[in-house]
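One structure is given below, encoded as structure tokens.
Quick note: the coordinates plus some simple rules give every number you see, no bench work behind them. Everything numeric here is computed off the predicted structure, so don't read it as measured data. Because the Cβ atoms are built from the backbone with ideal geometry, glycine has one as well, and the counts that use them run over all protein chains shown.
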Amino acid sequence: MEMERIEREDDDNEDFSIFIEFDGSDQHTHEQSRLAHRGPDRSHQCSLNLACGLKATFIGHVLHLRGNCLATQPAEDAYGNLLLWNGEIFDGIEVPDGESDTDVLLAKLGCCKNEDEILATMAQVHGPWSFIYWQKDNQSLWFGRDMFGRRSLLWHLPSDWKDEFYLSSVKLDNKVHTEVPAIGIFKLTPPASQTGCYSITVFPWRLAVWPGTLEPVQQDFSNRLSAGQSLSEGYVQVTLSSNEVPSHRPTINRTFPPDGLSRPPALPGQSHLEYLQNVLQTSEQYRKLSDQLLSVLLMAVKTRVHNHVPLKRQTVINDSSVDSTVEQNSNGCNSLDMPDTCMKSEARIAILFSGGIDSTVIAALAD
């Protein structure tokens, strides 16, 4: 099994939004603080003029977690394609050491010439993600979440011509927001005229079901997709494609212990620890399986804790390229708004410790 590479230029958390509206009034500027608080290290936005007076605004806020290079989002390639990416590529797409997975994914998507190639690219990604991708040539907006819905993505669907369509990783105002269901990849085509409508095509994951159920996505599709929002045919048209998208599902070993592997009997008066130690000492096959499990767990934890940014100071970089910094004390705390006892070291890793076997193993491996 190939695990996540650990020598990358960046590994950041991204909060983002995109608005498509007719008036382009930037009415959501004052609400961006909800995004900025979650991604305080770099903020960037760009706007595109679309057909019939539409304006699309892409906004990204980055929380720098790992590596020396602070990424800018939305990322843009030489062809005018834009990518907002909140995810991690563990496997499936090769990310060379020292490169950003955002840049690698944008380059691969930029080479896609049709729908099937875009779907195939996203199907290769192993890991948690949500994304928004503007494909300039086809004037199409692609978005979605991994099939387990591990990263947030909300949407607001327009109910009239003055209402906007938007996607965001957090709720921004008092309008109706619902989660974009983790059932597949979405493609949106904006209206081409004042009398047109937003056209959304859903390419479902293979064998996809509605979250929290075992019911296939074809069942009661429109009602469940809108989840209480208006799906007026005059403004939003949604189609479920028959083109299903394969997705990576981690396999579960259902055949342990394997055939032919017997378990030694416990000796009278032998404790559980003594029994386990005896099994590992006397059985080469059990010892090999134990080493394999430890290796996988160790690499999984290492990818999470490696190369985090030291908690020395916080830097905010905005569109005007003006840097502002907040000095922190020797304990890594902001002396203006955090108590002196908040932190005794420059820790960037926290483990929710319940005392159970899972958290104990993770804590031991991370130490």
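In sequence order, what are the phi-derived ³J(HN,Hα) couplings for the stretch 97-102 according to the Karplus relation 6.51 cos²θ - 1.76 cosθ + 1.60 with θ = phi - 60°, rounded to whole Hz, with x for glycine and proline?
4, x, 10, 7, 5, 4
Which entries of Lys108/Lys175; Lys55/Lys108; Lys136/Lys175; Lys175/Lys302; Lys187/Lys302 show an alpha-carbon separation above 31 angstrom in the structure shown?
Lys108/Lys175; Lys175/Lys302; Lys187/Lys302
Each residue of the stretch 260-267 in turn: what ³J(HN,Hα) in whole Hz from Karplus with 6.51, -1.76, 1.60 and θ = phi - 60°, glycine and Pro shown as x?
x, 9, 9, 9, x, x, 7, 7
Given +1 on the Cβ of Lys and Arg, -1 on the Cβ of Asp and Glu, and no further charges, what dipole in debye does the stretch 91-200 carry about its Cα centre, rounded to the nearest 20?
The dipole magnitude comes to about 400 debye.
Among 348-360, 283-295, 47-59, how do they line up by average Cβ neighbours within 10 Å per residue, starting with the highest?
47-59, 283-295, 348-360
Please list, ordered by chain and number, the residues whose modelled amide H lies under 5 Å from the amide H of Val236; skip anything fewer than 5 residues away on the same chain.
HN-HN under 5 Å from Val236: Tyr198.
In terms of modelled amide H atoms, which long-range or inter-chain residues lie less than 5 Å from the amide H of Thr178?
Trp155
Using the Karplus curve 6.51 cos²θ - 1.76 cosθ + 1.60 with θ = phi - 60°, what ³J(HN,Hα) values do you get for each residue of the stretch 148-159, in whole Hz, with x for Gly and Pro?
Calculated HN-Hα couplings, in order: 9, x, 7, 10, 6, 7, 10, 9, 10, 9, x, 10 Hz.
Say each of Asp291 and Asn138 gets a label point 7 Å from the Cα, pointing the same way as Cα to Cβ; how far apart are those two points in nm?
Between Asp291 and Asn138, the label points sit 4.9 nm apart.
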